[in-house]
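The values are calculated or read from the model by the stated rules, or taken from the named source; none is laboratory data. This is a predicted model, so every value here is computed, not measured. All Cβ positions, glycine included, derive from the backbone under ideal geometry; neighbour counts span all protein chains shown. To get the accessible areas, we keep the full protein, side chains included, count just its heavy atoms, and leave off ligands, DNA and RNA. Shrake-Rupley method; radii C 1.70, N 1.55, O 1.52, S 1.80 Å.
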Amino acid sequence: MVLYIGIDELSRRKGHVYVTNVYDLKDKRLLWSGEGRGQDTLRAFFAEHGEALKQRVKAVCCDMWQPYIDMTKEHLPEAVPVFDKFHIVQHLLKAVDEVRREEAYELKKTNPGLLKRTRFIWLKNPENRTDKQRARLGHLEKINLRCNRAYLLKEAPREFWDYKSKARAGGEDDVQGVDWGHVFEEFSWGRAEAALHHPLLQGTPHDQGQEAHEDMGLGPLV
């Protein structure tokens, strides 16, 4: 019985010629393979296997390629989406950098040098910063910058990679009452940019006391 499936694309040869493969992750076998990586490709897979899988599949692992996400949500609405840490972090970094660039543009007239050459200060892992970068970050953290709040949102999920249960991941508000269930729901479907418009970035705390884990559409992060 197929309970967990994985969807991935392979580049067959140079020139971005792709093949989409669907795997049975429990038995470690290839279920299906088709040309391309768009919605039509996965639509063909679900036309062949969708009804048989709909009531059985508990989780689907794929990267954050939107056609895969859309087709999975449409044909397996009850399955839990599972994304790997690499792709989630990619979206977090992109979102932080967008906030930094927007804020640097806004500061051009009043303080043009404040965020100059700070890109990698916000994007690097703490252990990889130079002493000079740590000192500059220490100064910037004392200023009420939106990119610093975005940076905090990017860093806070580090402990989530070690969580084993959804309730544990959604039951703690680590930064000023942030509803992490909501934030991760945004990140999970590739909407990190939307998640970084969270109330924390506007300087107002989110409503507390919510059962965040009930709102999460996430399974374990692998």
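Quick rundown of the values:
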| quantity | calculated |
| --- | --- |
| Test: residue in region 118-132 that is without any contact (Cβ under 8 Å) to a residue 40 or more places away in the chain, out of contact with any Ser or Thr (no Cβ under 9 Å at 6 or more places or on another chain), open to solvent by less than 20 Å² (accessible area, probe 1.4 Å) and assigned to a helix (DSSP H, G or I) | yes |
| Any hit, region 21-36, residues being without any contact (Cβ under 8 Å) to a residue 24 or more places away in the chain, open to solvent by 30 Å² or more (accessible area, probe 1.4 Å) and assigned to a helix (DSSP H, G or I) | no |
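Per-residue answers, yes or no, for (1) crowded, with 17+ Cβ neighbours inside 10 Å; (2) β-branched (V, I, T); (3) under 30 Å from I5 (Cβ atoms); (4) in contact with a Lys or Arg (Cβ under 6 Å, 6 or more places away or on another chain):
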{"site": "V82", "(1), (2), (3), (4)": "yes, yes, yes, no"}
{"site": "T110", "(1), (2), (3), (4)": "no, yes, no, no"}
{"site": "L114", "(1), (2), (3), (4)": "no, no, no, no"}
{"site": "I143", "(1), (2), (3), (4)": "no, yes, no, no"}
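To keep it simple, each residue is scored yes or no on (1) part of a helix (DSSP H, G or I); (2) open to solvent by 30 Å² or more (accessible area, probe 1.4 Å).
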{"position": "F45", "(1), (2)": "yes, no"}
{"position": "A52", "(1), (2)": "yes, yes"}
{"position": "V60", "(1), (2)": "no, no"}
{"position": "D70", "(1), (2)": "yes, yes"}
{"position": "I88", "(1), (2)": "yes, no"}
{"position": "D97", "(1), (2)": "yes, no"}
{"position": "E102", "(1), (2)": "yes, yes"}
